[in-house]
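In what follows, a single structure is set out as structure tokens and then discussed.
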Amino acid sequence: MAPLFAVVLAVAIGYFCGSIPWGLWLGRWLRNVDVREHGSRNLGATNVYRVLGPGIGLLTLVLDVFKGATPVWLVPALSEMDAFPGGQEWCAVTVGLSTVLGHLFTVFAGFRGGKGVATTVGVLLALAPAAFGVFAAVFVVTLAITRYVSLASTLGAVAFCIALLFVDDGGAGSPVFLLGLVLAGLVVLRHRENYRRLARGEERRFSFRREGAGP
């Protein structure tokens, strides 16, 4: 039972950490605004930024990244995880995936969360800092040139997977690379409507201006 308990505990901690809907809670606490009723109606940092301004938007971004990275850093070090099948690396990968799924399907908001980019960023940072640097560079350059967050997120996720082939000793068969593929796939799936808007020329570009909502 010890290995099973370790898996269940790792998944539970990751999921509930990822489920914390900072964008929703900060909007309610600080502005009495439900971001699900404005803009893209998404709980992610981009919509919070557009609706509530850079202060709350950037705070949401930092907290979403932090909630992705923290359980991946801390959970594998718990004594209960000594029995985790495959060891610490598989434990970290399992926690990371559970955290992102928690954000996508948060129990605190009717299982409807954000698109998972910021939380995925935190997971990638914790698992593979060198490959994360490639992700960050591609994201920033793409966003600066196009101002499309969806495109920057997608290309960054793909670049991360490619970078792992060169910086991860396990190569294409490593748990981190496999997780990178899964997370990149989730980024693509969660941005399907964005791609349709891009094809129609209707996708909104990122702007430092606040759209505004409520008081």
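Residue check: Val121 meets all listed conditions (1) assigned by TED's automatic domain parsing to the domain that holds Tyr49; (2) in contact (Cβ under 8 Å) with a residue 40 or more places away in the chain but one, namely (1).
Within the range 84-116, the residues that satisfy the criterion of being in a loop (DSSP other than H, G, I, E, B) and of a type in the set (Gly, Ala, Ser) are Gly86, Gly87, Gly110, Gly113, Gly114, Gly116. Taking the range 12-25 as the range and being surrounded by fewer than 18 Cβ atoms within 10 Å (Cβ to Cβ) and within 20 Å of Asp82 (Cα to Cα) as the test, only Ala12 passes.
Annotation note: Cβ proximity below 8 Å between a residue of the range 27-50 that is touching a residue at least 24 places away in the same chain (Cβ under 8 Å) and crowded, with 20+ Cβ neighbours inside 10 Å and a residue that is of a type in the set (Ser, Thr, Tyr) and part of a helix (DSSP H, G or I) (sequence gap 6+ or interchain) occurs for Gly44/Thr60; Ala45/Thr60; Val48/Thr60; Tyr49/Thr60. Filtering the range 142-186 down to residues that are polar (S, T, N, Q) and farther than 27 Å from Phe84 by Cα, which residue is surrounded by the fewest Cβ atoms within 10 Å (Cβ to Cβ)? Ranking the qualifying residues of the range 142-186, first place goes to Thr146. Quick one: in the range 1-26, of everything that is touching a residue at least 12 places away in the same chain (Cβ under 8 Å) and more than 19 Å from the chain's Cα centre (by Cα), which residue is nearest to Phe108 (Cα to Cα)? My answer is Leu9. Determine whether the range 69-77 contains at least one residue that is touching a Lys or Arg at 6+ places or on another chain (Cβ under 9 Å) and closer than 25 Å to Ser153 by Cβ. For the range 69-77, residues touching a Lys or Arg at 6+ places or on another chain (Cβ under 9 Å) and closer than 25 Å to Ser153 by Cβ: absent. For the range 9-33, a residue qualifies if it is closer than 16 Å to Arg50 by Cβ and either in contact with a Cys (Cβ under 9 Å, 6 or more places away or on another chain) or not in a helix (DSSP H, G or I) (or both), and exactly one does: Val33. Scanning the range 1-47 for residues that are touching a Pro at 6+ places or on another chain (Cβ under 6 Å) and modelled with pLDDT of 95 or more yields a count of 3.
The set of residues in the range 141-190 that are under 25 Å from Glu203 (Cβ atoms) and assigned to a loop (DSSP other than H, G, I, E, B) comprises Arg147, Tyr148. Test Asp64 against the criterion of being touching a Gly at 6+ places or on another chain (Cβ under 9 Å), among the acidic types (Asp, Glu) and in contact (Cβ under 8 Å) with a residue 40 or more places away in the chain, and give yes or no. Here the answer is yes, as Asp64 does meet what is asked. Evaluating Val100 against the criteria (1) hydrophobic (A, V, I, L, M, F, W, C); (2) more than 12 Å from the chain's Cα centre (by Cα); (3) surrounded by 24 or more Cβ atoms within 10 Å (Cβ to Cβ) leaves one unmet condition, (2).
Of all the residues in the range 113-128, those that are over 15 Å from Glu89 (Cβ atoms) and over 8 Å from the mean Cα position of the chain (by Cα) number 3. Considering Glu193, Glu203, the condition of being at pLDDT 90 or above and not in a helix (DSSP H, G or I) is satisfied by Glu203 alone.
The values are calculated or read from the model by the stated rules, or taken from the named source; none is laboratory data. From a predicted model like this one, the values you see are computed outputs, not experimental measurements. All Cβ positions, glycine included, derive from the backbone under ideal geometry; neighbour counts span all protein chains shown.
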